[in-house]
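**Q** Structure in structure tokens, see below.
The values are calculated or read from the model by the stated rules, or taken from the named source; none is laboratory data. Quick caveat: nothing in here was measured; it's all calculated off a predicted structure. Cβ coordinates were reconstructed from backbone atoms using ideal geometry, including for glycine residues, and neighbour counts include every protein chain displayed.
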Amino acid sequence: MGLVSMTELLQQAQKGKYAVGAFNCNNMEIVQAIVTAAQAEHAPVIIQASQGAIKYAGVEFISALTKIAAESVQVPVALHLDHGSSFAQVMQCARYGFSSVMIDGSKHSLEDNIALTNKVIEAVRPLGISVEAELGKIGGTEDDVSVAERDALFTDPEEAERFVQATQVDALAIAIGTAHGQYQGVPKLDFARLREIVKRVSTPIVLHGSSGVPDEAIQEAVSHGVCKVNIDTNIREAFVTAARGVLEQNLKEIDPRNVLGPARAAAVEVIREKIRVFGSNGKA
Ligand code: G3H
Ligand code: 13P
Ligand code: ZN
């Protein structure tokens, strides 16, 4: 299959009460691991490229690799720009065949975020490209957050309603207590806030910073309406730990295939486990 947009994948997930895994890629081995895992689990899947991945690998390489990867499997695959930083970057990804983009206007005021998101939607929706936006601040790993900080950082349900009414965006990333990267403690998700958002907004909800969130918490979030779950750090951990293991066992190893092959296999395993936790196995 070729690349598909995210809209239909997320609408089906919403109906079926599961979430589609959105896995970050940095290189060829991780792209291969994502589609191999999705195919093995018969799951729809989203491959996404972060700002760091684009800087490292280049949009053109990510686009070419993922296109071939998607064509090599029978399950639907979307290619998504993660935390898109500008209108220009979104348009570059559109030209390179991305089937979905995120425009991250979360650092702007509500009005400016709405304006930027609408500009992107107007430009790419006619091309069949889906758009994710973000409301609230997902941030790096923080420990305990006070109630006042919560209200300042987390997504305000009323604002979410206004945002969706004003944009009709395809997917909305929210801040309810997750953070990117490795956690120091166990993250506590604000499920009451999630429920309030879902009550007001029928748009598929996206959970970022999902590595390190306990499986039960992810499943509870999915049961309340999260339809896309982003995983990056857990793949990096599995990949690099396996590579390190090979190198530690054989200090004389010089063949990259002997290092990256086991790393790729470890990534496949962790992605398969996540797909089962999200309930998207058997859905394609
Ligand atoms: O956006 C979330 C990513 O996990 C950050 O990745 O370091 O590749 O930009 P990056
Ligand atoms: P983690 O690295 O915490 O899994 O976050 C991934 C993410 O949200 C990418 O946008
Ligand atoms: Zn993110």
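**Q** Would you check if Thr241 is of a type in the set (Val, Ile, Thr), within 16 Å of ligand 2 (Cβ to nearest atom) and under 15 Å from the mean Cα position of the chain (by Cα)?
**A** Judged against the criteria, Thr241 is not a match.
**Q** Only one residue in Ala69, Ala88 is of a type in the set (A, V, I, L, M, F, W, C), without any contact (Cβ under 8 Å) to a residue 24 or more places away in the chain and away from ligand 3 (no atom under 16 Å from the Cβ), so which one is that?
**A** Ala88
**Q** Say we look at the range 202-218 and pick out the residues that are more than 16 Å from Gly181 (Cα to Cα) and surrounded by fewer than 22 Cβ atoms within 10 Å (Cβ to Cβ); which of these is farthest from ligand 2 (Cβ to nearest atom)?
**A** Here the residue is Ser202.
**Q** I've got another one for you. Looking only at the range 186-196, which residues are of a type in the set (A, V, I, L, M, F, W, C) and either in contact with a Lys or Arg (Cβ under 6 Å, 6 or more places away or on another chain) or in a loop (DSSP other than H, G, I, E, B) (or both)?
**A** Val186, Leu189
**Q** With respect to Ala238, is the statement that it is more than 30 Å from Val201 (Cα to Cα), surrounded by 18 or more Cβ atoms within 10 Å (Cβ to Cβ), modelled with pLDDT of 95 or more and not hydroxyl-bearing (Ser, Thr, Tyr) true?
**A** Judged against the criteria, Ala238 is a match.
**Q** With (1) without any contact (Cβ under 8 Å) to a residue 40 or more places away in the chain; (2) aliphatic (A, V, I, L, M); (3) surrounded by fewer than 19 Cβ atoms within 10 Å (Cβ to Cβ) as the list, and Met1 as the residue in question, which single condition is left unmet?
**A** (1)
**Q** Can you name every residue in the range 202-237 that is small (Gly, Ala, Ser) and closer than 17 Å to Glu134 by Cβ?
**A** Residues satisfying the conditions are Gly209, Ser210, Ala221, Gly225.
**Q** For residues that are in contact with a helix residue (DSSP H, G or I) (Cβ under 8 Å, 6 or more places away or on another chain), within 12 Å of ligand 3 (Cβ to nearest atom) and part of a loop (DSSP other than H, G, I, E, B), tally how many sit in the range 171-185.
**A** Going through the range 171-185 one residue at a time, the tally reaches 3.
**Q** Given (1) of a type in the set (S, T, N, Q); (2) within 22 Å of Gly209 (Cα to Cα); (3) more than 16 Å from ligand 1 (Cβ to nearest atom), identify the lone condition not met by Gln39.
**A** That leaves (2) as the condition not met.
Here is a yes/no grid of residues against (1) part of a strand (DSSP E or B); (2) more than 20 Å from Pro204 (Cα to Cα); (3) more than 16 Å from ligand 1 (Cβ to nearest atom):
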site: Glu29; (1), (2), (3): no, yes, no
site: Ile62; (1), (2), (3): no, yes, no
site: Thr66; (1), (2), (3): no, yes, no
site: Leu79; (1), (2), (3): yes, no, no
site: Met91; (1), (2), (3): no, yes, yes
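**Q** So which of Val229, Val222 ends up being under 27 Å from Val124 (Cα atoms), within 16 Å of ligand 2 (Cβ to nearest atom) and in contact (Cβ under 8 Å) with a residue 40 or more places away in the chain?
**A** Val229
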